[in-house]
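K.L.:
I have a structure I would like to understand better, so I am pasting it below and will then ask my questions one at a time.
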Amino acid sequence: MSNFLATFRLLVLTAARSVVNHRMKSLIVGFILMFGTALLVLGTSLLDSVERSMEKTVTQSLAGHLQIYSADAEDELALFGDVMLGGDNIGEIEDFSKVREPIEKIDNVKAVVPMGMTQARFVMGNRIDEVIAGLRDAVDNQNWEEVDPLADQLRAMAEDLKAENEARAQIASNAETYRENVERLSRVLDDTFWDEDLRENPREALFFLDTKIAPLSSDGRLVFMRVLGTDPQRFATYFDRFEIVKGEMIPPGERGLLVSNRAYEEWLKNNVARELDKLHEEIHEEERVLADDELLRNDVKRLQKQYRQVIFGLQPDKVATIKERVADYLGSESDDAKDLLTEFLALTDDNFDERYTFFYDELAPLMRMHEFEVGETITLQAFTDRGFPRSRNTKFYGTFQFEGMEDSDLSGSVNLIDMPTFRTLYGAMSEEAQQEIAEMRDEVGVEDIRRDEAEDALFGGGDSLVVEEDDEEVAQNADEIQNTDETQNTDEAGIAGQTEPTEPSEPSEPDDTIEIDRQTDSTYDPAQIDNGLARNAAILLEDSSKLQQTMADVRAVIDEHDLGLTVVDWQKAAGIVGQFVIVIRLALFVAIGIIFLVALVIINNSMVMATVERTGEIGTMRAIGAQRWYVMALFLLETLILGLAAGLAGCGLGALIVAIAGHTGIPATTDFLRFLFAGDHLYPTLSVDNVLWAFAAIVAVSTISTLYPARLATRIQPIVAMRN
């Protein structure tokens, strides 16, 4: 034992002396090893931190820890989009209650939340439509005191439209169309239309406004956005980052819509206000200067041309107040809205902040700042899974966001509706529709016949000529029946077509034989949420560290109850976004692998050259009795000492960089980075695993790179030293 310790001590001293004596080689090799180690520590720490942050983003905002959907799905579930941006045929969960009950009994499962995603159109009438609708109500009620201010409001809008059409008539190839528009608008601006036509022939006058004037306004828009059907109460309870920004939560049992606050401010806000917000962000966050940036100056010019958006559709008294406030601010005596607002929107670096503040303090309270406001009812339109159009009037309850991800478009790309409303848009049959179909089948004597027996039933000599299709085909044909109910919804939305009256007549009393219980229609039994269709469901866990074990337990329950579902983790459910970290990790490992490969080659060549230079030394050692294993051990120990020193230095450097970044934070400069970082900054942390893996990797690389030179050294014979 004492001989072994003495030999080992001699090896260590000799190896250390060799490392010191060959300083230049040791510094070059050591620097490469240190750089690779620091990069590995830093890279793995950042990736682990990003993965943890993204897990929070996905699991606490939309996906949960696990997702379940039909095992027969043609496409994979991709909540944030897949690689090919393809379809979303993920099948259906026919009865969510049969899925929720057994899965929620699993240990570590906190909740199972039903979901269903679809693309919907937010249908919003233009502002002229709104004024005409109010005018129609006032005329029907013979309330002429309300007619006058509405008429003034409509005149102001017609005056703006007339100026716009006159300008277009000067440059458009179809100038005749715009001249016809000008003539129609001139009729509305004439007092005769309001004093005589509207009072003597209200139906004809209102029909003219509906069909000839309202279509001239282009402010009504179709906005396409994704909507997620779910249980609003359960969603708000179990997705921790969910919070209401404006308005209120959808009450239990009420049909309703919650819009992402990001979408509400980015896509549904008044154009002038939105452009001012963008300029404010560019100037203060991006530190761009109007005087030096031609693109920003062009944005200001376009903003000035949108001055009508400040006053369009407002009541005359509000327009007058806006003009008065702007004139006082500018010190102008002009009373022309175009001149005042165009001058006000002539923004520079010197006046931007002051005018931006004035706009929101003095003008915004008088304006309609968004396409629809909290408490209003809008129409959602979508296509069912079989291609039939559906529409549904839905009350807008407010906006929401996920804490820490307020500025992320990805996390703000989904809006929430209740599950019964989603089923209506998706085309799922209600219990009433199913009961009606069952009664029709009983009435005509339909029998249940399998598809493969249909030919025999029809041509096999039997008496029955009524063949029952399978449930899917019945459901498809039943869409025709449900469209009757949707026609009612369309009428409620104010989209029903009109027919031109032949003879004017006094407004008739409403027909009492048809009643629409709007209150009942806007509510539902909360039990319907579970007892019905869902497309997928989120599973939230008590302890996310047990994800894999819980995932296996969920699979076992699915198999035991024959639920016909597949389960995936949050990373796979997120689609291409969830795979991003894997791709980055792979790229990092490839880069580090290349660095270590270069280090291996350099170390190998350095050691080979050192072996040649030390031929006499090694030969002498062999001549005085050193065995081959001793020479091999000496070379490996030299590299090991160098690797340990460089590895420790690299780990220390990497840990220092991570600590600094963890204290100051890495800013998220893009929307996608905000999503990955779960906020505006990433604060990386260092784990023991990051250090151990980096240290082990550098020691392994340095050892492997020395094997060949050490083997060459063991072949040097003692005679070589004698010759030298």
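K.L.:
Identify all residues within the range 327-341 that are closer than 18 Å to Glu275 by Cβ and either exposed (fewer than 15 other Cβ atoms within 10 Å of the Cβ) or touching a residue at least 40 places away in the same chain (Cβ under 8 Å) (or both); write none if there are none.
P.N.:
Lys338
K.L.:
Which of the residues that make up the range 582-600 are surrounded by 12 or more Cβ atoms within 10 Å (Cβ to Cβ) and farther than 18 Å from Leu46 by Cβ?
P.N.:
Once the filter is applied, which keeps residues that are surrounded by 12 or more Cβ atoms within 10 Å (Cβ to Cβ) and farther than 18 Å from Leu46 by Cβ, the range 582-600 yields Phe596, Leu597, Val598, Ala599, Leu600.
K.L.:
May I pose another question? Pick out the one residue from Gly643, Gly619, Gly647 that is in contact with a Phe, Trp or Tyr (Cβ under 7 Å, 6 or more places away or on another chain) and on the phi < 0 side of the Ramachandran plot. Explain how you work it out, then say what you get.
P.N.:
Details: Gly643 fails: in contact with a Phe, Trp or Tyr (Cβ under 7 Å, 6 or more places away or on another chain); Gly619 fails: in contact with a Phe, Trp or Tyr (Cβ under 7 Å, 6 or more places away or on another chain).
Residue meeting the stated conditions: Gly647.
K.L.:
Between residues in the range 517-539 that are in a loop (DSSP other than H, G, I, E, B) and residues that are of a type in the set (Ser, Thr, Tyr) and modelled with pLDDT of 90 or more, which pairs lie under 7 Å by C-beta distance while being six or more apart or on different chains?
P.N.:
Asp530/Ser97; Asn531/Ser97; Arg535/Tyr69
K.L.:
Of everything in the range 171-180 that's under 44 Å from the mean Cα position of the chain (by Cα) and in a helix (DSSP H, G or I), which residue is surrounded by the fewest Cβ atoms within 10 Å (Cβ to Cβ)? First the steps, then the outcome.
P.N.:
First pass over the range 171-180, keeping only residues under 44 Å from the mean Cα position of the chain (by Cα): 171-175, 177-178.
Still in the list and also in a helix (DSSP H, G or I): 171, 175, 177-178.
Details: Ile171: 8, Ala175: 13, Thr177: 13, Tyr178: 18.
Per the stated criteria, the residue is Ile171.
K.L.:
Going by the structure shown, is Asp140 under 20 Å from Thr192 (Cβ atoms) and surrounded by fewer than 19 Cβ atoms within 10 Å (Cβ to Cβ)? Give the steps one after another, and end with the answer.
P.N.:
Values: under 20 Å from Thr192 (Cβ atoms): no; surrounded by fewer than 19 Cβ atoms within 10 Å (Cβ to Cβ): yes.
In short, no.
K.L.:
Still on this model: Show the residue pairs meeting these rules: Cβ distance below 7 Å; 6+ apart or different chains; first residue within the range 400-425 and at positive phi; second residue assigned to a loop (DSSP other than H, G, I, E, B) and of a type in the set (Lys, Arg).
P.N.:
These pairs meet every condition: Gly404/Arg241.
K.L.:
Being in contact with a helix residue (DSSP H, G or I) (Cβ under 8 Å, 6 or more places away or on another chain), assigned to a loop (DSSP other than H, G, I, E, B), farther than 23 Å from Ala263 by Cα and at pLDDT 90 or above narrows it down to one residue among Leu347, Leu341, Leu314; which is it? Spell out the reasoning first.
P.N.:
Details: Leu341 fails: assigned to a loop (DSSP other than H, G, I, E, B); Leu314 fails: at pLDDT 90 or above.
It is Leu347.
K.L.:
Now for a separate question. Would you call Arg585 among the basic types (Lys, Arg) and either assigned by the TED database to the domain that holds Thr639 or under 30 Å from Gly30 (Cα atoms) (or both)?
P.N.:
Yes.
K.L.:
Quick check: is even one residue across the range 282-296 outside the structural domain of Thr421 (by the TED database), closer than 30 Å to Ser61 by Cα and surrounded by 15 or more Cβ atoms within 10 Å (Cβ to Cβ)? First the steps, then the outcome.
P.N.:
Within the range 282-296, the subset outside the structural domain of Thr421 (by the TED database) is 282-296.
Still in the list and also closer than 30 Å to Ser61 by Cα: 282, 284-286.
Now drop any that are not surrounded by 15 or more Cβ atoms within 10 Å (Cβ to Cβ), which leaves 282.
Yes.
K.L.:
Identify all residues within the range 280-290 that are in contact (Cβ under 8 Å) with a residue 12 or more places away in the chain and not in a helix (DSSP H, G or I); write none if there are none.
P.N.:
Val289
K.L.:
Condition (residue is in contact with a helix residue (DSSP H, G or I) (Cβ under 6 Å, 6 or more places away or on another chain) and surrounded by fewer than 16 Cβ atoms within 10 Å (Cβ to Cβ)) applied to the range 538-557: is it met by at least one residue?
P.N.:
There is no residue in the range 538-557 that is in contact with a helix residue (DSSP H, G or I) (Cβ under 6 Å, 6 or more places away or on another chain) and surrounded by fewer than 16 Cβ atoms within 10 Å (Cβ to Cβ).
K.L.:
Tell me which of these Leu27 doesn't satisfy, since it passes every other one: (1) out of contact with any helix residue (DSSP H, G or I) (no Cβ under 7 Å at 6 or more places or on another chain); (2) touching a residue at least 40 places away in the same chain (Cβ under 8 Å); (3) surrounded by fewer than 18 Cβ atoms within 10 Å (Cβ to Cβ).
P.N.:
Among (1) out of contact with any helix residue (DSSP H, G or I) (no Cβ under 7 Å at 6 or more places or on another chain); (2) touching a residue at least 40 places away in the same chain (Cβ under 8 Å); (3) surrounded by fewer than 18 Cβ atoms within 10 Å (Cβ to Cβ), the lone unmet condition for Leu27 is (2).
K.L.:
Mind listing whichever residues of the range 240-296 are touching an Asp or Glu at 6+ places or on another chain (Cβ under 8 Å) and polar (S, T, N, Q)?
P.N.:
Asn261
K.L.:
For the range 232-280, which positions are assigned by the TED database to the domain that holds Gln309 and touching a Leu at 6+ places or on another chain (Cβ under 6 Å)?
P.N.:
Glu275
K.L.:
If I filter the range 634-642 for residues that are touching an Asp or Glu at 6+ places or on another chain (Cβ under 8 Å) and crowded, with 17+ Cβ neighbours inside 10 Å, do I get at least one hit? Explain how you work it out, then say what you get.
P.N.:
Of the range 634-642, the ones touching an Asp or Glu at 6+ places or on another chain (Cβ under 8 Å) are none.
Within the range 634-642 (the criterion being touching an Asp or Glu at 6+ places or on another chain (Cβ under 8 Å) and crowded, with 17+ Cβ neighbours inside 10 Å), the answer is no, since none of the residues qualifies.
K.L.:
Still on this structure, please answer the following. Taking the condition of being at pLDDT below 85 and either of a type in the set (Gly, Ala, Ser) or part of a loop (DSSP other than H, G, I, E, B) (or both), how many residues in the range 662-699 meet it?
P.N.:
6
K.L.:
Kindly indicate whether Ser186 is under 20 Å from Arg308 (Cα atoms) and either of a type outside the set (A, V, I, L, M) or loosely packed, with under 14 Cβ neighbours inside 10 Å (or both). Give the derivation first.
P.N.:
Working: under 20 Å from Arg308 (Cα atoms): yes; either of a type outside the set (A, V, I, L, M) or loosely packed, with under 14 Cβ neighbours inside 10 Å (or both): yes.
Spelling it out, Ser186 is indeed under 20 Å from Arg308 (Cα atoms) and either of a type outside the set (A, V, I, L, M) or loosely packed, with under 14 Cβ neighbours inside 10 Å (or both).
K.L.:
Can you name the residue in the range 43-102 that is of a type in the set (S, T, N, Q) and modelled with pLDDT under 90 and, of all such residues, is nearest to Ile539 (Cα to Cα)? Don't jump to the end; show me each part of the working.
P.N.:
The initial filter retains those residues of the range 43-102 that are of a type in the set (S, T, N, Q), namely 44-45, 49, 53, 57, 59-61, 67, 70, 89, 97.
Cutting the leftovers down to modelled with pLDDT under 90 gives us 44, 49, 53, 57, 59-61, 89.
Details: Thr44: 29, Ser49: 23, Ser53: 19, Thr57: 15, Thr59: 9, Gln60: 11, Ser61: 12, Asn89: 20 Å.
Applying the filter and picking the extreme gives Thr59.
K.L.:
Would you be able to say whether some residue in the range 191-207 is over 45 Å from the mean Cα position of the chain (by Cα) and among the β-branched types (Val, Ile, Thr)?
P.N.:
Here is the first cut: in the range 191-207, the residues over 45 Å from the mean Cα position of the chain (by Cα) are 191-205.
Those left that are additionally among the β-branched types (Val, Ile, Thr): 192.
So far as the range 191-207 goes, yes, one or more of its residues are over 45 Å from the mean Cα position of the chain (by Cα) and among the β-branched types (Val, Ile, Thr).
K.L.:
Follow-up. Consider Asp361 carefully, then state whether it is surrounded by fewer than 16 Cβ atoms within 10 Å (Cβ to Cβ) and within 18 Å of Ala273 (Cα to Cα). Even if it seems obvious, please write down each step before you answer.
P.N.:
Values: surrounded by fewer than 16 Cβ atoms within 10 Å (Cβ to Cβ): yes; within 18 Å of Ala273 (Cα to Cα): yes.
Answer is yes for this residue.
K.L.:
Ok, one more. Applying the selection to the range 308-343, what residues are within 18 Å of Leu161 (Cα to Cα) and of a type in the set (Phe, Trp, Tyr)?
P.N.:
Taking the range 308-343 as the starting set, the residues that turn out to be within 18 Å of Leu161 (Cα to Cα) are 308-316, 319, 336-339, 341-342.
Hit for the range 308-343 is Phe312, nothing else.
K.L.:
Follow-up. Exactly one of these conditions fails for Glu613: (1) of a type in the set (Asp, Glu); (2) surrounded by fewer than 18 Cβ atoms within 10 Å (Cβ to Cβ); (3) touching a residue at least 60 places away in the same chain (Cβ under 8 Å). Give me its number.
P.N.:
Looking at each condition in turn, Glu613 falls short on (3).
K.L.:
Suppose we keep only residues that are under 20 Å from Trp194 (Cβ atoms) and at pLDDT 85 or above within the range 160-170. Which one would you say is surrounded by the fewest Cβ atoms within 10 Å (Cβ to Cβ)?
P.N.:
So the residue we want is Lys162.
The values are calculated or read from the model by the stated rules, or taken from the named source; none is laboratory data. These numbers come from a predicted model, not from an experiment. Counting neighbours? That spans all protein chains shown, and the Cβs are built from the backbone with ideal geometry, glycine included.
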